[in-house]
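Q: First, the structure itself, so that you have it in front of you.
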Amino acid sequence: MSFEHVQSRWLFAAVSLGLAVAMLMLGPGIALLATEVAIMALFASSLGFLINYGGMVSFGHAAYFGLGAYGFALAAAKLGLPLWLAVVLGPLTAALGAVLFGALCVRLTHIYFAMLTLACSEIVFTVLFQAYDYTGGDNGLTNFMAPRFGLSPQIYAALTVAIVALCIAFLARIVRSPLGLAIQAVGEEPHRAAALGFSPRLVQLVACVIAGTLAGIAGTMYSVFQGNAFPDYAGVGITIDALVMVVIGGVKGFYGGVFGAIIYVLLKTFVSRAFTHWELVIGLILIAVVLIFPTGIAGLLQKLGLSRTARPSGEQHP
Amino acid sequence: MSREPILVARNVTKQYGGFVALGGVDLTLQPGERRALIGPNGAGKSTFIAVLGGQQAVGPGSTVHFAGRDISGALPQEIARLGIARTFQINRVFRRLSVLDNVRTALLPSNGRVFSVSERHLTALTSPAMTMVTGLGLGRVAHDAAETLSLGDRKRLEFGMVLATRPKVLLLDEPTAGMGLNERRSLMELMVEHAARDQITLLFVEHDIDIVFRFADRITVMSRGKIFAEGTPAEIGANSAVQDIYLGTEGAPS
Amino acid sequence: MKLKRGGLLLATLLAVGVTTGPVQAQDPIRIGYAADMSGACGSLVDGATKAFRLGVEELNAAGGLLGRKIEVIERDTKTKPDEGAKEVRDLIVNSKVELITGVCSSAVLLAETAVSAELKVPFYSAIGNSQTATIEKGQPYFWQTNPNVLMESIAVAEYVAANKAWKKIAPLAYDYEWGHTSVKAFSEHLKKLRPDIEILPMVPVKLGETNMTSYITAVLAQKPDLVYGAIFGGGLVNLVKQGKAFGFFQQTSLVTLTTVDFLQTMGGELPEAGLHGFARAPFTSLLDNPKVKSFVQSYKARHGKDPDDWAVLAYDGLMFYAEVVKAAKSTKADDVVKALPTVKYEGLRGSMTVRGLDGQMSAPSFVGAVIKDAAYPFSIMKGATRVDASKTLTPEDFIKSARAAAK
Amino acid sequence: MAAQLLNGLTEGMMLFLIASGLTLIFGITRIVNFAHGSLYMLGAFLAYHLMPMLGGSTVASFASAVLLSAILVGLLGLVFEVLILRRIYGADDLLQLIITLALVLILRDVVKAIWGANDISVPMPASLSGALQIGGTFLPLFQIVAFAVGLVVITLMVSIMRFTRAGVLLRAATDDRGMVALLGINQAWIFSSVFAVGCFLAGLAGALAAPFGNVNYLLDTNIIVMAFVVVVIGGLGSLSGALIAALSVGMVKGLGVIYFPRLSTVLIFLIMAAVLVIRSLGRGAISK
């Protein structure tokens, strides 16, 4: 382990802790917004991990967000389980979903992979939307708990930032581990990887489950944050939002998702408050961003020399 | 050589739709030999390599035995783990990973650490990988992304990755294609030297006849999906029919 | 593109994190109008928003409420429940609004009513409705000024039962909770009134379907006397247009939600006969009321077209709130809630009250045949029957037992 | 059941019209055009706008409105390709995706700003509003006309692909993108024209279907989903595949309403998932 790693880990921990503590000093309004940003940062990072490391572009990542939300909300609202157990069951449900859908999807590549993930998420959405006796249907699940466990917005924001930081640290650890190399290898050159002895589908499945579980954690945290669950949480709209975040954040590293989430959540929030025709404005901004910064915000920072390599390779340059 | 053959392919067939790519190929490799596979374009050389590597499924009635084991129908990764490694005609390395990480990645399957999330398991591979990288003459670019390398260096790297799997048989699909004359020879020398050191059996597809005659123990000539001739370089060199199919279809090899 | 509110972006950014002092009596009354302006509900919200703005202008022109001007902060929920909850929370926490309204989608409504209950800020729905929000999830700070699906279904059942020629009824409904609830309530009430009627198996329709032909052929194959359509918006336009090509209205009749916006959309294209409708506030059935006449006049003067049901409902909902504030002599949440059931409101739809138990207004429904009328460029529900809430309002016992069961 | 099948077949042809442009564009340019549904929607609104200007609801004015709308949408596609898409060829595929998503947002808002949020009904030309009666079943004239237009489109496209020089080049471009460059053909020109033709087809489908149903700003989402499902089932880039897929989906949908009505919402996704999973069961797993 190199010196720089130790250093960057401490730096990451210090920044995360600082951010979490800073949450406690914010006004309630901005703390709520920060919580949303943090949750979407995790969700987008998990998708960015799948895309940029695993080489798998998913159009159905919201399935796991939705399963995380409903795994939690159904356990709490319909099964009457204690909240701590429900919080564990949320990501677990997403993980199970990722095992099932991942096993089907990794048999395909490219746009066919993407379309099968879309089909899987639409099936999840439809079940949540139509099986209203169990899921509440379009009316969702509401009033089964106080939003944020009744914690103040600031405390919940701090908690969310801490959990998201841990999850992102976990992703960073994976990227620097043997598994991370395997995922990148299979993502980039599946034939080469197979000819070296990797089982591409198994490695891809593991990547799907990791990304799905982290998306599930984001979904559970969102459900707790809102105190509800709606089928929209598994809808294609949330997937598209995350895809946009991954791209404007920078298509190379997973942490681009963090930048993307910060920018896109704020953009969507304030543009839609300021303009009647907010969709038009956002559409124009997206085109401008893609044409002007095709490498996203992470790429921009790199160009400006504000960031190290977009892809931590495990060793620094000599 | 009285030892058991290491690789035996019998009646290997392969069809794409109506097109017969391989029409019953037989090939036997003795341990430690260096076999060249030559023939005009479209003879089925790359398809045959792909069948041996498991990238292509074999046709009905075909068998491939490796060290006495039937491997026909096995998946690429199973074949690789048994000890048959290959390079690709179009160079395939992990372009976004550093040279060192390419080699460390290649070391993973044989170390059984593919699914480890411990960084220690990765750093443990650094020094053996670095030794290999230096041995390949890539020490100065060890930390550069593979995509920044020259074609020759990428080919060295791919060869190094393949070696890292500790293969018993190495399939090289046009290892020197696209390179300059001097570079070809030095690359080939490097490969042959490593193969001899690790007692690796080589099967290489090659268009450069000069390279073929210099480095092969035996030569197999393919044409239209079949074995056309087989023998020592001297035998093949004296075979006028071989020269005919070559010159007739392809013109002089560059 | 127009800036909704000068410097709102900046103001919001500045307001964020800055705590403001207690509300002064001379401060304007801030109302949070969180509406489903984009997304699935956008077409219904359009008229409602126009009428709501008109109502606010009129109130302010008359000196405001309790001497305070009304200031509206508009937000787009994008017809997404989480966005709705987020905007409502932000309106309450950052913009200190004293009332929330504007919602259309029942899902968004349920997400928002939870926030209203949590933060104890009054919230009413004038165009969206959800019986869940008033019954199982009823909360003191919420009221609803249009009829819910149970009330409407009963009103339609009454109308259908009266026509002895209809003996076989085929339900055709959107395949989600609203469609199923609507068919169930309608069928149950109809069976009570007319045990002889046969109700055929329901044909469920995909929400957002653009091609209804396979549903049309399937429902016609059942040879019903009447099709009960729990379909609205674009799907209903598809059903009628494509149905016409199949001779739908020669083979059977249709009773469905025919709000004025739908009638305006269809213009002269509706069939001469065979279409029956129910609606919540068709101005054509309310023109006896001078308040409606003047509202229609000023609406039409400004927007060049007649107000649809949603516009009437939105205007009526706002004016009711104004009456409640006047009665409570306060905009404080608890004062408003206390005054709520005491107000006997004389509105566009006549005399109505809000029941204390569930916050449901005694809103009427309108049912009748849709026919062409020379006075309008579109067909109308001429001479529609007004079904008063006394016949349709969900009994209090039922609500109490439903709430007990939900606990 | 015969009625459901027959109707499904005609509905399927309308699905083919929707999907044809998408699969054409993907086959040659590899662009996944998420704005396809939006261009369909724009075609419908343009037809609504143009019909009164071209003489009201007669067949002639309808036909010319459809053609003109399709041309306008095709031109918009051309401009979009030349001004924006062309700049990011060779960049990450995701960038194209975001660009076409941005176009979705823009067109949705533009349409709302111009034609309002309310539903719009394009009047059906009187002579197309009837139905053929075969036995007890009705077959709407309009569906028959749409079916005929679909046949014309597929015949034209196949003929162009088979028998013209441009078609040969296009097929070469579909099979091997390097090939076109070798032939010395200006690839940018091919991409622009194919993109424009694909958009033209989207506009054509939208304008043609306009009198048969509701037109509003939500059409884009509903249509793009159907288009993708058909294209994926048929095999991306394959015209004949799209035709077979569209007709099959139409008929399965028709039967589904009778035999498994509660699945209607999710049916197309189940079909797509099933087709993809079956396709994946072969051994050629990890092709890249």
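The values are calculated or read from the model by the stated rules, or taken from the named source; none is laboratory data. No experiment lies behind these values; they were computed from the predicted model shown. All Cβ positions, glycine included, derive from the backbone under ideal geometry; neighbour counts span all protein chains shown. Please note that ligands, DNA and RNA were not included when accessible areas were found on the heavy atoms of the full protein model with its side chains. Shrake-Rupley method; radii C 1.70, N 1.55, O 1.52, S 1.80 Å.
Q: Kindly check whether there is at least one residue in the range C:66-75 that is under 20 Å from the mean Cα position of the chain (by Cα) and open to solvent by 10 Å² or more (accessible area, probe 1.4 Å).
A: yes
Q: Cβ contacts < 8 Å: first residue of a type in the set (Val, Ile, Thr), restricted to the range C:377-401; second residue loosely packed, with under 13 Cβ neighbours inside 10 Å, any location; separation 6+ or different chain. Result?
A: none
Q: Let me ask something else. Read through the list (1) open to solvent by 10 Å² or more (accessible area, probe 1.4 Å); (2) assigned to a loop (DSSP other than H, G, I, E, B), then give the number of the only condition that residue C:146 fails.
A: Every listed condition holds for residue C:146 apart from (1).
Q: Return a yes/no flag: does the range C:133-142 have any residue that is crowded, with 24+ Cβ neighbours inside 10 Å and closer than 29 Å to residue C:26 by Cα.
A: Yes, there is a match, as at least one residue in the range C:133-142 is crowded, with 24+ Cβ neighbours inside 10 Å and closer than 29 Å to residue C:26 by Cα.
Q: Which of the residues that make up the range D:201-258 are more than 13 Å from the chain's Cα centre (by Cα) and among the aromatic types (Phe, Trp, Tyr)?
A: D:212, D:217
Q: Taking the stated definitions as given, is residue D:243 surrounded by fewer than 24 Cβ atoms within 10 Å (Cβ to Cβ), modelled with pLDDT of 90 or more and in a helix (DSSP H, G or I)?
A: no
Q: Does residue A:144 satisfy being within 14 Å of chain B (Cβ to nearest Cβ) and part of a loop (DSSP other than H, G, I, E, B)?
A: No: the conditions fail for residue A:144.
Q: Quick check, is residue C:390 at pLDDT 95 or above and open to solvent by 20 Å² or more (accessible area, probe 1.4 Å)?
A: Considered against the rule, which asks whether it is at pLDDT 95 or above and open to solvent by 20 Å² or more (accessible area, probe 1.4 Å), residue C:390 comes out as no.
Q: How about the range B:164-246: which strands (runs of 3 or more DSSP E) wholly inside it have at least 3 residues that are surrounded by fewer than 21 Cβ atoms within 10 Å (Cβ to Cβ)?
A: Where strands (runs of 3 or more DSSP E) fall fully within the range B:164-246 and carry at least 3 residues being surrounded by fewer than 21 Cβ atoms within 10 Å (Cβ to Cβ), they are B:226-231.
Q: If you scan the range D:213-223, which residues turn out to be assigned to a helix (DSSP H, G or I) and crowded, with 24+ Cβ neighbours inside 10 Å?
A: D:219, D:220, D:223 - these are the residues of the range D:213-223 that are assigned to a helix (DSSP H, G or I) and crowded, with 24+ Cβ neighbours inside 10 Å.
Q: Pairs please, first residue from the range B:179-194 and in contact (Cβ under 8 Å) with a residue 12 or more places away in the chain, second anywhere and of a type in the set (Asp, Glu), Cβ atoms under 9 Å, 6+ apart in sequence or on different chains.
A: What qualifies is B:184/B:208; B:184/B:210; B:185/B:210; B:188/B:206; B:188/B:208.
Q: Follow-up. Would you point out which residue out of C:277, C:268 is more than 7 Å from every other protein chain (Cβ to nearest Cβ) and surrounded by fewer than 24 Cβ atoms within 10 Å (Cβ to Cβ)?
A: Matching residue, one of C:277, C:268: C:268.
Q: Within the range A:14-55, which residues are among the small types (Gly, Ala, Ser) and either touching a Ser or Thr at 6+ places or on another chain (Cβ under 6 Å) or not in a helix (DSSP H, G or I) (or both)?
A: Hits for the range A:14-55 are A:27, A:38, A:54, A:55.
Q: Related question: Working carefully through the options C:102, C:84, find the one that is in contact (Cβ under 8 Å) with a residue 12 or more places away in the chain, on the phi > 0 side of the Ramachandran plot and either crowded, with 24+ Cβ neighbours inside 10 Å or more than 8 Å from chain A (Cβ to nearest Cβ) (or both).
A: Just a single option satisfies the conditions, and that option is C:102.
Q: For residues that are assigned to a helix (DSSP H, G or I), out of contact with any Asp or Glu (no Cβ under 7 Å at 6 or more places or on another chain) and either facing another protein chain (nearest Cβ under 9 Å) or without any contact (Cβ under 8 Å) to a residue 12 or more places away in the chain (or both), tally how many sit in the range A:122-141.
A: Looking only at that region, the number is 6.
Q: Still on this structure, please answer the following. Might you let me know whether the range A:143-159 holds any residue that is β-branched (Val, Ile, Thr) and crowded, with 21+ Cβ neighbours inside 10 Å?
A: No, the range A:143-159 contains no residue that is β-branched (Val, Ile, Thr) and crowded, with 21+ Cβ neighbours inside 10 Å.
Q: I've got another one for you. Can you confirm whether residue C:223 is open to solvent by 50 Å² or more (accessible area, probe 1.4 Å), under 20 Å from residue C:276 (Cα atoms) and either assigned to a loop (DSSP other than H, G, I, E, B) or touching a His at 6+ places or on another chain (Cβ under 9 Å) (or both)?
A: Considered against the rule, which asks whether it is open to solvent by 50 Å² or more (accessible area, probe 1.4 Å), under 20 Å from residue C:276 (Cα atoms) and either assigned to a loop (DSSP other than H, G, I, E, B) or touching a His at 6+ places or on another chain (Cβ under 9 Å) (or both), residue C:223 comes out as yes.
Q: How many of the residues making up the range B:204-233 are under 23 Å from residue B:180 (Cβ atoms) and acidic (Asp, Glu)?
A: Adding up the residues that qualify gives 3.
Q: So, one more: Just one of the numbered conditions (1) more than 21 Å from residue B:85 (Cα to Cα); (2) open to solvent by less than 50 Å² (accessible area, probe 1.4 Å); (3) charged (D, E, K, R); (4) not assigned by TED's automatic domain parsing to the domain that holds residue B:6 is not true of residue B:153; which one?
A: (1)
Q: Quick test for you: out of C:61, C:51, pick the one residue that is of a type in the set (A, V, I, L, M) and either on the phi > 0 side of the Ramachandran plot or open to solvent by 10 Å² or more (accessible area, probe 1.4 Å) (or both).
A: C:61
Q: Another question, then. Going by the structure shown, is residue A:169 surrounded by 24 or more Cβ atoms within 10 Å (Cβ to Cβ) and part of a helix (DSSP H, G or I)?
A: The answer is no for residue A:169.
Q: Also, I was wondering about something else. Taking only pairs six or more apart or across chains, which ones have beta-carbon atoms under 9 Å, a first residue in the range B:23-36 that is within 21 Å of residue B:214 (Cα to Cα), and a second residue that is in a strand (DSSP E or B) and of a type in the set (Phe, Trp, Tyr)?
A: From residues that are within 21 Å of residue B:214 (Cα to Cα), the pairs are B:34/B:204; B:35/B:204; B:36/B:204.
Q: Tell me which residues, restricted to the range C:105-119, are of a type in the set (Ser, Thr, Tyr) and either within 10 Å of chain A (Cβ to nearest Cβ) or within 18 Å of residue A:232 (Cα to Cα) (or both).
A: The answer is C:105, C:106, C:113.
Q: Touching a residue at least 12 places away in the same chain (Cβ under 8 Å) and either hydrophobic (A, V, I, L, M, F, W, C) or not in a helix (DSSP H, G or I) (or both), is that true of residue C:181?
A: Here the answer is no, as residue C:181 does not meet what is asked.
Q: Taking residue A:298 as the residue in question, decide whether it is among the small types (Gly, Ala, Ser), modelled with pLDDT under 75, part of a helix (DSSP H, G or I) and open to solvent by less than 40 Å² (accessible area, probe 1.4 Å).
A: For residue A:298, the condition - among the small types (Gly, Ala, Ser), modelled with pLDDT under 75, part of a helix (DSSP H, G or I) and open to solvent by less than 40 Å² (accessible area, probe 1.4 Å) - is met.
Q: Which one is nearest to residue D:109 (Cα to Cα) among residues in the range A:261-277 that are at the interface with another protein chain (Cβ under 7 Å from one of its Cβ atoms) and of a type in the set (A, V, I, L, M, F, W, C)?
A: A:275
Q: What is the residue count in the range B:114-134 for residues that are more than 8 Å from every other protein chain (Cβ to nearest Cβ), surrounded by 14 or more Cβ atoms within 10 Å (Cβ to Cβ) and of a type outside the set (A, V, I, L, M)?
A: 1
Q: Got a sec? Which strands (runs of 3 or more DSSP E) wholly within the range B:1-113 have at least 3 residues that are open to solvent by less than 30 Å² (accessible area, probe 1.4 Å)?
A: B:7-16, B:19-29, B:34-38, B:84-87
Q: Then there is this: Among the listed residues A:13, A:94, A:41, A:98, which satisfies the condition of being small (Gly, Ala, Ser) and touching a Leu at 6+ places or on another chain (Cβ under 7 Å)?
A: A:94
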